[in-house]
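Worksheet: one structure, shown below.
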Amino acid sequence: MGITLDEQLQKMQLDWDERARENARFYVATGKQNWSDEEFFASGERTVAEQIGNDMINICQGKDPKQMRVIEIGCGAGRVTRALASVFGEVHAVDVSGEMVALARKSLAATPNAFVYKNNGKDLSVLPLGPFDFAFSTIVFQHIPSREVIYSYVREIHRLLRPGALFKFQVQGDATMETHPDDTWLGVPFSDSDAVEMAGKCGFEPRHRHGAGGQYFWLWFFRR
């Protein structure tokens, strides 16, 4: 018998709760075992500088970033969320792990334009209604073992984004890695053709892609 979707979602939540209790910052960003506050949040600022700051034409499309509402999928302990909130008007972030959400809320207590929600691991029904202007996710989908779950998230982003807005996110692109449906660390891989197919089925134009075949396969999906 294979693992059911409900069992996968429950295991994702339980595993990430356990990782959060063990060493949340390491599991969010494995570059260091023991992150200081300053180092941890500076690493989030670097991510935003590298993936957002140098891509503002695609992201903002002429809008003032301080007037933009954005979504983050998989906020973990708030590492990237805090940096996003320094750029954009509102950040609405979700995570499947209640333990991670508690840590994120604590770290964002002095950031009034960042809102963190515990979600069910497959959709964004906890978020307020759109339209949102941009959506972002990094080192999150590479851990999801279910293509069905990833498709569900992409469809949900389509539901919430305004037409023309960008969803910039990263998936696991190395198809040579052996994956298992109950492994919540090494997620299901996407080839370049898989990514294009997903965009079409979920209402997006896959305008740019970078890193196919590797761990960090970046996708620029523009909402039709």
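The values are calculated or read from the model by the stated rules, or taken from the named source; none is laboratory data. Fair warning: this is a prediction, and the values are worked out from it, not measured in the lab. Reconstructed Cβ throughout: ideal geometry from the backbone, glycine too, with neighbour counts over all protein chains shown.
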Output the residue which, of all residues in the range 67-111 that are basic (Lys, Arg) and in contact with a helix residue (DSSP H, G or I) (Cβ under 7 Å, 6 or more places away or on another chain), is nearest to Phe26 (Cα to Cα). Arg79
Spans of strands (runs of 3 or more DSSP E) in the range 131-224 with at least 1 residues without any contact (Cβ under 8 Å) to a residue 24 or more places away in the chain and surrounded by fewer than 18 Cβ atoms within 10 Å (Cβ to Cβ): 204-210
Could we say that Gln8 is touching a Pro at 6+ places or on another chain (Cβ under 7 Å), surrounded by 15 or more Cβ atoms within 10 Å (Cβ to Cβ) and touching a residue at least 60 places away in the same chain (Cβ under 8 Å) here? yes
What number of residues within the range 46-82 satisfy the criterion of being buried (at least 18 other Cβ atoms within 10 Å of the Cβ) and within 21 Å of Leu166 (Cα to Cα)? 16
Looking at the range 30-45, is at least one residue closer than 22 Å to Leu186 by Cβ and not polar (S, T, N, Q)? yes
Quick one: Val96 ticks every box in (1) over 14 Å from Glu72 (Cα atoms); (2) touching a Lys or Arg at 6+ places or on another chain (Cβ under 8 Å); (3) among the β-branched types (Val, Ile, Thr) except a single one, so which number is it? (1)
Quick check on my filter: what residues within the range 1-11 are assigned to a helix (DSSP H, G or I) and in contact with a helix residue (DSSP H, G or I) (Cβ under 8 Å, 6 or more places away or on another chain)? Leu5, Gln8, Leu9
Among the residues of the range 11-45, the number that are surrounded by 14 or more Cβ atoms within 10 Å (Cβ to Cβ) and among the hydroxyl-bearing types (Ser, Thr, Tyr) is 2
How do the pairs read when you match residues in the range 107-124 that are farther than 15 Å from Val80 by Cα and among the aliphatic types (A, V, I, L, M) with residues anywhere that are outside any loop (DSSP other than H, G, I, E, B) and modelled with pLDDT of 95 or more, using Cβ under 6 Å and keeping only pairs 6 or more apart or on different chains? Leu124/Glu156
Out of the residues in the range 154-211 that are acidic (Asp, Glu) and at pLDDT below 95, which is nearest to Gln10 (Cα to Cα)? Asp182
Number of the exception - Leu103 against (1) touching a strand residue (DSSP E or B) at 6+ places or on another chain (Cβ under 6 Å); (2) more than 27 Å from His158 (Cβ to Cβ); (3) not charged (D, E, K, R): (1)
Here is a list: Leu124, Leu108. Which entry is hydrophobic (A, V, I, L, M, F, W, C), surrounded by fewer than 22 Cβ atoms within 10 Å (Cβ to Cβ) and within 14 Å of Val94 (Cα to Cα)? Leu108
